[in-house]
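Peer 1: Quick one: this structure, given as C-alpha cells, is what I'll be asking you about.
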Amino acid sequence: MRQFDSLPEQRPDTPVLDVIELPADLRRLSETELYALADELRAYLLWSVAQTGGHFGAGLGVIELTIALHYVFETPAAALIWDVGHQTYPHKILTGRRERMLTMRQQNGLAPFPDRNESPFDVFGTGHSSTSISAAMGLALARRVSGDPAPVIAVIGDGAMTAGMAFEALNHAAHSGADLLVVLNDNAMSISPNVGGLSEYLKRQQPPAGDASPVVPGGLFEELGFRYTGPVDGHDLAALLPALRAAAGERGPRLLHVVTRKGRGYLPAERNPFGLHALTKIEPLGRNEPAPSGPKYCNLFGAWLVDTAERDAKLVGITPAMREGSDLVAFSERFPERYHDVAIAEQHAVTLAAGLAIGGAKPVVAIYSTFLQRAYDQLVHDVALQNLDVTFALDRAGLVEDGPTHAGIFDLAFARCIPNLVVMAPADENETRLLLNTGYAHPGPALVRYPRGRGPGTEVTADAETVPIGQGRLLLEGHRVALLAFGSRVQPALEAGRRLGASVVDMRFVKPLDHVLLDRMAAGHELLVTVEEHVIAGGAGAGVGEWLAASGRRTPLLNLGLPDVFPEHGDPEALLAAAGLDADGIVRAVRARLGQ
C-alpha cells in the first residue's frame, strides 16, 4: 500500500481509476488490479479534498472496504447504506462523481454526505450518526414483503455503534429476522478516540500484536441474534473479499467485524486522527490574504468553561463525543474528574445532566445545535419540566458549509416553546462570555446558542459579569424603523441601520423577550424588523409577533430569516447573502416594505 507524508499538489496519475465511471466497471477488474486501484483512489482522495476541504480521515480508512463492497455486491441493486457519511468520499468517487469532487461543499456542487437526490448509489441520506442499521432493517423488511432478494448492507463505525438508536436496531434484529448484513468498521475512533464499555469490548475482540491464536467470537452480537464473523483486517483485500463473499452467501442478521485505521495511508492523519478528521482546503500558492485573527466561538466557550470551573467546584462538563469540536480539551485535562464524554449518546448526555443537577452539581452540556435535536424529549421532560439547573452551550447555531444535516436552524423554534427555559443568542465575543455567565448563574435551565467560526472581533472584557435575564440593549437610536437583531445578525443589522437611519437593538434574549424595550420600539417607530440566522417559522421573530398580538400593538412587523426550505451546502456567508440576511439584503427588504 502506498503511503503519503504530504498532500499531492498536482492531480495524481490514476490510470486504473480513470476507467471506472460506475461500480460495474470496477467489477470488470481482476483482483490483482484492485491493489493499484486502492493506491490511486487514496491519492485522488487526498488531492481532491486538499482543493475543497472536507472530511477525509474516515474515507482514507475505508478505501479497501469501499472497493471490496462494490466489487462483491451488485450495487445499487444491492443497497449500501453508510452511517454518518464522513467516510463516503471514496464511495462517491467510484459511483460516477469523480470529476465533480472539486465541487464538494459548494453551492450546486456535491453534498458532503450521502444524498438520495444526488445518486441512486446513495440509498439513504445521512449526516447524523447511528441511523444505518435501522434504515437498512426497514429496507430489508420491505424487500422481504415485495419478494426482492437483493442484499442490504449497513456500514457503521464503532463510534456510531455507541448510540442508543443503533442498539435499538440491533435488539430488533433477532425478533425480525431481517436479511441484513452489518459491516462494523472498527477504527477505535469517532472524531475523538472512542470511550465506554462497547469500545473496550471491541478491543478485547482483537488479538494482541503478534498473537495468531483464534479470537473468541463476538458474544455480544451473537446474543443479540447476529451471526458474527471477524475481526478481519479492513486494509487487506485478500482477507476482505472472501469474508464479504461468505457473508453474501448467508441469510438473516449477520455482522462482519472489520478493523481499520482512520487516516490510513496519510501519515500525518494516522499520527493525529482527530486533528485531521477533516481538512481545510489549501489556498492557491501566492495568495497573501491575512490569516483570520481572534478566537473562534468554541474557543471562547472552552476558555469560559475552564475559568468558571476554577471559581466553582460544582461545575461539570458534558459532551457527546465532541471534545475537540466543542473545545473541551483544556477542561478535560484540567478537571478530569468533572469531565464526561458520553460517546455519541445525546439523549444520555442531557438526562445525565439532569441527574447531576438533582445531586447538587451544576452541569454544562456542550452540544451542537443540530445534535440537540436528538435529545429533545430529554430537554423537555427531564430538564425543563423539573426546572433543573442545566446550562446548554449550543455550538454551530446557524448555517454551516456541510449543509442541512449539520445546520443549526431549528433550535430557537423548538426551544422557545418550552416552559422554564431561558434562550439567549449573543452578538459577539464579549456578549458570548456575558451570556454564558448569565445562563450559568440562572438557577434553572438556560441555553446559549452561538455560531461556528469567528465573531466580528469584539474585545472580550467580561470576566464573571452577568446581565439581567431578559434585558436587551439599544445599540443605535434612529427613526421610522427599528431593527431587532438576534445573535449573529446584530453586526449586519448595525451596518444596515446606519445606512437606513434606523434604530438597532441587540435583543440578546429570545426567551424571555425584553418587553420593556419592545414596547418602546413599537411606540416610537413605524416598522419593526426582526433579523435572525434561523428559520422564520417559529423563530425569534415569531415570538415578537406573538407579543405584538398579545399586547394589542398595531405596529407593522417584518420578519427576516431563513426560508422554509432545507438549506444548501456551501459557504455560509454566501448562503446568508442569498437569503437576504446580510446588510445589503436587510436594506433592500426594509426599503421594499416602506415602498421606497
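Peer 1: Could you check, for segment 84-91, whether at least one of its residues is part of a loop (DSSP other than H, G, I, E, B), surrounded by fewer than 22 Cβ atoms within 10 Å (Cβ to Cβ) and free of Cβ contacts under 8 Å to residues at least 40 places away in the same chain?
Peer 2: Applying the first criterion (part of a loop (DSSP other than H, G, I, E, B)) to segment 84-91 yields 84-88.
If we keep only those that are surrounded by fewer than 22 Cβ atoms within 10 Å (Cβ to Cβ) too, we end up with none.
No; the residues of segment 84-91 include none that is part of a loop (DSSP other than H, G, I, E, B), surrounded by fewer than 22 Cβ atoms within 10 Å (Cβ to Cβ) and free of Cβ contacts under 8 Å to residues at least 40 places away in the same chain.
Peer 1: Something else now. Could you list, in sequence order, the residues of segment 5-33 that are buried (at least 19 other Cβ atoms within 10 Å of the Cβ) and part of a helix (DSSP H, G or I)?
Peer 2: Scanning segment 5-33 gives L17, P23, L26.
For (1) out of contact with any Ser or Thr (no Cβ under 8 Å at 6 or more places or on another chain); (2) touching a residue at least 40 places away in the same chain (Cβ under 8 Å); (3) open to solvent by 10 Å² or more (accessible area, probe 1.4 Å), each residue gets a yes or a no:
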residue	(1), (2), (3)
G457	no, yes, yes
V467	no, yes, yes
L474	no, yes, yes
P492	yes, yes, yes
R499	yes, yes, yes
F509	yes, yes, no
M521	no, no, no
G552	yes, no, yes
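Peer 1: Among the numbered criteria (1) at pLDDT below 95; (2) part of a strand (DSSP E or B); (3) small (G, A, S), which single criterion is violated by A154?
Peer 2: Condition (1) is where A154 drops out.
Peer 1: Test A68 against the criterion of being modelled with pLDDT of 95 or more, closer than 30 Å to P268 by Cα, touching a Ser or Thr at 6+ places or on another chain (Cβ under 6 Å) and of a type in the set (A, V, I, L, M, F, W, C), and give yes or no.
Peer 2: Details: modelled with pLDDT of 95 or more: yes; closer than 30 Å to P268 by Cα: yes; touching a Ser or Thr at 6+ places or on another chain (Cβ under 6 Å): no; of a type in the set (A, V, I, L, M, F, W, C): yes.
No.
Peer 1: Which number in (1) closer than 28 Å to A578 by Cα; (2) modelled with pLDDT under 95 marks the one condition that A462 misses?
Peer 2: Every listed condition holds for A462 apart from (1).
Peer 1: Here's a follow-up. Which one is most open to solvent (accessible area, probe 1.4 Å), of the residues in segment 336-357 that are in a helix (DSSP H, G or I) and among the small types (G, A, S)?
Peer 2: G355
Peer 1: May I pose another question? Mind checking which residues of segment 40-62 are open to solvent by 10 Å² or more (accessible area, probe 1.4 Å) and either touching a residue at least 60 places away in the same chain (Cβ under 8 Å) or over 23 Å from D25 (Cβ atoms) (or both)?
Peer 2: Matches in segment 40-62: Q51, T52, H55, A58.
Peer 1: Which of the following residues is touching an Asp or Glu at 6+ places or on another chain (Cβ under 6 Å) and open to solvent by less than 20 Å² (accessible area, probe 1.4 Å): G580, G570, G561?
Peer 2: Criteria check complete, one pass: G561.
Peer 1: Which one of E532, E526, E546, E568 is at pLDDT 95 or above, charged (D, E, K, R) and within 26 Å of D402 (Cα to Cα)?
Peer 2: Unique residue meeting the criteria: E532.
Peer 1: Six or more apart or on different chains, Cβ atoms under 6 Å: show the pairs whose first residue is in segment 401-416 and under 15 Å from A537 (Cβ atoms) and whose second is basic (K, R) and not in a loop (DSSP other than H, G, I, E, B).
Peer 2: From residues that are under 15 Å from A537 (Cβ atoms), the pairs are D411/R449; R416/K511.
Peer 1: Scan segment 539-550 residue by residue and report those that are under 31 Å from the mean Cα position of the chain (by Cα) and either free of Cβ contacts under 8 Å to residues at least 12 places away in the same chain or outside any helix (DSSP H, G or I) (or both).
Peer 2: If the condition is that a residue be under 31 Å from the mean Cα position of the chain (by Cα) and either free of Cβ contacts under 8 Å to residues at least 12 places away in the same chain or outside any helix (DSSP H, G or I) (or both), then G539 is the only one that fits.
Peer 1: With the requirement that a residue be closer than 15 Å to V565 by Cα and open to solvent by 20 Å² or more (accessible area, probe 1.4 Å), what does segment 397-439 give you?
Peer 2: Those that are closer than 15 Å to V565 by Cα and open to solvent by 20 Å² or more (accessible area, probe 1.4 Å): P404, T405, H406, F410, A413.
Peer 1: Scan segment 98-118 residue by residue and report those that are open to solvent by less than 10 Å² (accessible area, probe 1.4 Å) and assigned to a helix (DSSP H, G or I).
Peer 2: Answer for segment 98-118, where residues must be open to solvent by less than 10 Å² (accessible area, probe 1.4 Å) and assigned to a helix (DSSP H, G or I): just M101.
Peer 1: Here's another thing I want to ask about it. Listed residues P404, P363; which is farther than 24 Å from H569 by Cα, out of contact with any Asp or Glu (no Cβ under 6 Å at 6 or more places or on another chain) and not in a helix (DSSP H, G or I)?
Peer 2: One residue alone meets the criteria, P363.
Peer 1: Now for a separate question. For segment 177-188, which residues satisfy the criterion of being open to solvent by less than 40 Å² (accessible area, probe 1.4 Å) and either part of a strand (DSSP E or B) or farther than 18 Å from A247 by Cβ (or both)?
Peer 2: L180, L181, V182, V183, L184, N185, D186, N187
Residues are listed down the side, and each one gets a yes or a no for (1) modelled with pLDDT under 90; (2) in a helix (DSSP H, G or I); (3) open to solvent by less than 20 Å² (accessible area, probe 1.4 Å):
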residue: P273; (1), (2), (3): yes, no, no
residue: I282; (1), (2), (3): yes, no, no
residue: R287; (1), (2), (3): yes, no, no
residue: S293; (1), (2), (3): yes, no, no
residue: N299; (1), (2), (3): no, yes, no
residue: T308; (1), (2), (3): no, yes, yes
residue: A313; (1), (2), (3): no, no, no
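Peer 1: Go through L434, L447 for me and flag whichever is more than 22 Å from the chain's Cα centre (by Cα) and either of a type in the set (G, A, S) or at pLDDT 95 or above (or both).
Peer 2: Within the list L434, L447, the selection yields L434.
Peer 1: Hey, another quick one. With the condition kept exactly as written, say whether any residue in segment 63-80 is hydroxyl-bearing (S, T, Y), without any contact (Cβ under 8 Å) to a residue 24 or more places away in the chain and not in a helix (DSSP H, G or I). Before you say what the answer is, go through the steps one by one.
Peer 2: So the first thing to find is which residues in segment 63-80 are hydroxyl-bearing (S, T, Y), and the list is 66, 71, 75.
From what is left, the residues that are without any contact (Cβ under 8 Å) to a residue 24 or more places away in the chain are none.
Within segment 63-80 (the criterion being hydroxyl-bearing (S, T, Y), without any contact (Cβ under 8 Å) to a residue 24 or more places away in the chain and not in a helix (DSSP H, G or I)), the answer is no, since none of the residues qualifies.
Peer 1: Moving on. Considering segment 557-596 alone, what residues qualify as being small (G, A, S) and part of a loop (DSSP other than H, G, I, E, B)?
Peer 2: G570, A579, G580, G595
Peer 1: Testing V49 on (1) over 22 Å from A269 (Cβ atoms); (2) in a helix (DSSP H, G or I), one condition comes back false. Which one is that?
Peer 2: In the conditions (1) over 22 Å from A269 (Cβ atoms); (2) in a helix (DSSP H, G or I), V49 misses (1) alone.
Peer 1: Could you tell me whether V123 is open to solvent by 10 Å² or more (accessible area, probe 1.4 Å) and at pLDDT 90 or above? Steps first, answer last, please.
Peer 2: Values: open to solvent by 10 Å² or more (accessible area, probe 1.4 Å): yes; at pLDDT 90 or above: yes.
Judged against the criteria, V123 is a match.
Peer 1: Please go through segment 200-244 and give me each residue that is among the small types (G, A, S), out of contact with any helix residue (DSSP H, G or I) (no Cβ under 7 Å at 6 or more places or on another chain) and at pLDDT below 90, ordered by number.
Peer 2: A209, G210, A212, S213, G218, G219 - these are the residues of segment 200-244 that are among the small types (G, A, S), out of contact with any helix residue (DSSP H, G or I) (no Cβ under 7 Å at 6 or more places or on another chain) and at pLDDT below 90.
Peer 1: While we're on this one: Output the residues belonging to segment 440-455 that are part of a loop (DSSP other than H, G, I, E, B) and surrounded by 21 or more Cβ atoms within 10 Å (Cβ to Cβ).
Peer 2: Matches in segment 440-455: P445, Y450, P451, R452, G455.
So that you can scan it fast, the table gives a plain yes or no per residue for (1) among the aromatic types (F, W, Y); (2) touching a helix residue (DSSP H, G or I) at 6+ places or on another chain (Cβ under 6 Å); (3) farther than 25 Å from D312 by Cβ:
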site: E337; (1), (2), (3): no, no, no
site: A353; (1), (2), (3): no, no, no
site: G360; (1), (2), (3): no, no, no
site: Y368; (1), (2), (3): yes, no, no
site: R374; (1), (2), (3): no, yes, yes
site: P404; (1), (2), (3): no, no, yes
site: I409; (1), (2), (3): no, no, yes
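The values are calculated or read from the model by the stated rules, or taken from the named source; none is laboratory data. As the structure is a computational prediction, the values presented were derived from the model and not from experiment. Positions of Cβ are backbone-derived with ideal geometry, glycine not excepted, and every protein chain shown enters the neighbour counts. Remember, those area values only see protein heavy atoms, side chains included, never the ligands or the DNA or RNA. Shrake-Rupley method; radii C 1.70, N 1.55, O 1.52, S 1.80 Å.
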